[in-house]
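Participant: Can you read through this structure? Questions will come right after.
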Amino acid sequence: MKVGVLQFFGWADRRVPLETIYGRAIERFEIMDRGGYDAVWLAEHHFSGFSVCPSVHMMATMAAAKTRRLRIGTAVSLAPFYHPLRLAEEIALLDVLSGGRVNWGAGRGFSRREFEAFEVPMGESADRFHEGVEAVLAAWTNERASFAGRFHRFDDVELLPKPLQQPHPPVWMAATSEGAIDWAAGRGFSILMDPHCTHAELAAKRARYGEQMAAAGHEAASREIPMARLMAIADTAERAEEVARRGAAWTVGSYIGDRGGDPVERYVSDVILHGTAEAVADRILALRETAQLNYLLCAPLSQESFTLLTDKVLPRIC
């Protein structure tokens with residue numbers, strides 16, 4: 001099993017200088033580089049203290065400069081908010097500067113606030129996302145690229161630089177809904193699975209992806225499918241649950257919003273992996289069987305969670 005970290009940049013306490021949030025994340029990059037992690041995956045969000053990293057590509061350049069072997073993923077580049085040529089250029093440049101260590105994750109986004117602020121109609125998000133991915137791949141894989149879509153058009157463009165990895169960096173599509181899973185599988189893309197679904201939903205979505213891949217004639221068994229899980233780890237189960245409950249309240253209040261029922265309890269009971277290091281390791285190993293987990297994407301909800309994940313959980317599951 002490979003393990004990566006889904007790095008958010010939450011700013012819950014505005015008394016803490018924002019540069020401190022970035023500094024702590026950079027320290028994590030260096031720890032991950034020395035440890036057994038495969039990659040750090042950087043989350044792009046806008047206009048919310050939930051995660052204050054509007055440019056994952058700029059942050060990824062810093063991660064590349066501070067590390068030597070750690071792969072650097074975007075989770076995700078929100079494709080509807082970019083011109084695809086600019087997006088292709090930025091990822092290609094990052095791949096060159098990192099020595100070919102980029103994992104490109106792309107997604108459509110779901111925050112109405114972001115779409116309204118960027119003046120992008122939310123109803124166009126899926127079409128813009130799909131078209132953007134196709135245009136980026138065309139720019140990477142052709143010496144001189146031409147493309148004609150609904151939103152973007154370019155002719156005889158030489159993208160410079162080209163990615164160092166050939167034919168391009170490995171690609172994952174964020175897939176939360178059944179429609180997104182079906183679209184990605186139908187085109188043979190690997191997928192990134194989100195941290196906000198329940199464990200049962202995770203297993204069901206992974207099974208659907210495999211079925212849709214097979215139906216489209218693509219091989220799925222050997223694909224690395226990062227499954228993101230929020231994590232709260234402490235020296236006692238009670239303390240870990242406290243961390244999980246605070247993290248759930250922050251997630252619901254600052255970004256996800258109330259979707260009916262008791263959303264905080266849903267996160268604590270069915271979404272967040274929480275407990276002692278031993279208990280969390282056991283639950284991860286169980287997910288390997290129930291959800292076909294082969295790439296765990298961890299989102300620690302505290303510094304203690306990250307430390308225990310690194311020191312106590314990683315040696316058991318890798």
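The values are calculated or read from the model by the stated rules, or taken from the named source; none is laboratory data. Predicted, not measured: the structure shown is a model, and the values here were computed from it. Cβ: placed from backbone, ideal geometry, glycine included. Neighbour counts: every protein chain shown. With ligands, DNA and RNA removed, areas are computed over all heavy atoms of the protein, side chains included. Shrake-Rupley method; radii C 1.70, N 1.55, O 1.52, S 1.80 Å.
Participant: By accessible area of protein heavy atoms, probe 1.4 Å, what ranking do Arg229, Arg71, Arg108, Arg144 get, highest first?
Facilitator: Details: Arg229 0, Arg71 55, Arg108 95, Arg144 125 Å².
Solvent-accessible surface, decreasing: Arg144, Arg108, Arg71, Arg229.
Participant: Taking only C-alpha pairs under 8 Å that are 6+ residues apart, what is the relative contact order of the range 194-318 in percent? The partial results should precede the final answer.
Facilitator: Details: 159 pairs, mean separation 46.2, N = 125.
Reported as a whole number, the value is 37 percent.
Participant: Still on this structure, I have one more. Along the charge dipole of the range 175-252, Cβ charges K/R +1 and D/E -1, which of Ala220, Gly188, Thr251 sits furthest on the positive end?
Facilitator: Selected residue: Gly188.
Participant: Determine the per residue accessible area of the range 163-252 with all protein chains present and a 1.4 angstrom probe, expressed in square angstrom. Intermediate results must be reported in sequence, preceding the final value.
Facilitator: Values: 3660 Å² over 90 residues.
For the range 163-252, the per-residue accessible area is 41 Å².
Participant: Only four residue types carry charge here, +1 at the Cβ of Lys and Arg and -1 at the Cβ of Asp and Glu. Report the dipole size of the range 151-234 about the Cα centre in Debye, rounded to the nearest 20.
Facilitator: Values: 8 positive and 10 negative charges, 46 e Å.
Once rounded to the nearest 20, the dipole reads 220 debye.
Participant: Considering the Cα positions of the chain, please state its Rg to one decimal place and its Dmax as a whole number of Å.
Facilitator: For the chain, the Cα-based Rg and Dmax read 19.0, 61 Å.
Participant: Same structure, new question: What do you get for GluC sites (Glu not before Pro) in the range 1-93 restricted to DSSP loop and a cutoff of at most 14 other Cβ within 10 Å of the site's Cβ? Don't skip to the answer; put the middle values down first.
Facilitator: Numbers: sites: Glu19, Glu27, Glu30, Glu44, Glu89, Glu90; in loops: Glu44.
When the GluC sites (Glu not before Pro) of the range 1-93 are filtered for loop state and at most 14 Cβ neighbours within 10 Å, nothing remains.
Participant: Along the Cα→Cβ direction, 7 angstrom out, place labels at Arg316 and Glu124. What is the inter-label distance in nm?
Facilitator: 5.0
Participant: Also: What's the local net charge at Thr290, with K and R +1, D and E -1, over the other residues with C-beta under 14 Å away? Don't skip to the end; give the middle numbers.
Facilitator: Working: positive: Lys205, Arg206, Arg229, Arg283, Arg288; negative: Glu201, Asp270, Asp282, Glu289.
It works out to a net charge of +1.
Participant: For the chain, with only Lys/Arg (+1) and Asp/Glu (-1) charged at the beta-carbon, what is the dipole magnitude about the Cα centre, in debye rounded to 20? Working shown, then result.
Facilitator: On the way: 35 positive and 41 negative charges, 93 e Å.
That gives a dipole near 440 debye.
Participant: Could you check how much of the accessible area of the range 74-207 is carbon and sulfur, as a whole percent, using a 1.4 Å probe?
Facilitator: On the way: 2860 of 5660 Å².
Accessible surface attributable to carbon and sulfur in the range 74-207 totals 51 percent.
Participant: Please list the three semi-axes, largest first and in whole Å, of the ellipsoid equivalent to the range 1-87, using sqrt of 5 times the eigenvalues of its alpha carbon gyration tensor.
Facilitator: Working: eigenvalues 82, 68, 24 Å².
Whole-Å semi-axes of the equivalent ellipsoid: 20, 19, 11.
Participant: For the chain, set up a Gaussian network in which alpha carbons nearer than 10 Å are linked by springs, and say which option among Ala106, Ala145, Ala174 fluctuates the most.
Facilitator: Residue with maximal mean-square fluctuation among Ala106, Ala145, Ala174: Ala145.
Participant: Let me ask something else about it. Which whole-number percent is the relative contact order of the range 1-121 (Cα, under 8 Å, 6+ apart)? Don't skip to the answer; put the middle values down first.
Facilitator: Numbers: 184 pairs, mean separation 29.1, N = 121.
Worked out over the range 1-121, it gives 24 percent.
Participant: Now a separate question. Could you check which residue among Asp33, Asp95, Asp262 shows the biggest mean-square fluctuation in a GNM of the chain with a 10 Å Cα cutoff?
Facilitator: Fluctuation is largest for Asp262.
Participant: Would you please state which residues of the range 1-40 a label at Ser55 would reach in this model, taking the label point 7 Å out along Cα→Cβ and a backbone N cut-off of under 19 Å?
Facilitator: Under 19 Å, as judged by backbone N against the label point of Ser55, lie 8-10, 18-26 of the range 1-40.
Participant: Charges only on Cβ, +1 for Lys and Arg, -1 for Asp and Glu: so what's the dipole of the range 1-83 about the Cα centre, in debye to the nearest 20? Kindly include the intermediate steps, with their values, before the conclusion.
Facilitator: Values: 10 positive and 7 negative charges, 40 e Å.
That gives the range 1-83 a dipole magnitude of about 200 debye.
Participant: Before anything else, pin down the relative contact order of the chain: Cα pairs under 8 Å, at least 6 apart, normalised by residue count, whole percent.
Facilitator: Working: 575 pairs, mean separation 53.9, N = 318.
With pairs under 8 Å counted, the relative contact order is 17 percent.
Participant: While we're here: Taking the Cα centre of the range 99-159 as the origin and placing charges on Cβ (Lys, Arg +1; Asp, Glu -1), which of Ala145, Gly123, Ser111 is farthest toward the positive end of the dipole?
Facilitator: Ser111
Participant: Between Leu202, Leu97, Leu18, where does the largest GNM mean-square fluctuation fall for the chain, given springs only between Cα atoms within less than 10 Å?
Facilitator: Evaluated over the chain, the most mobile residue of the options is Leu18.
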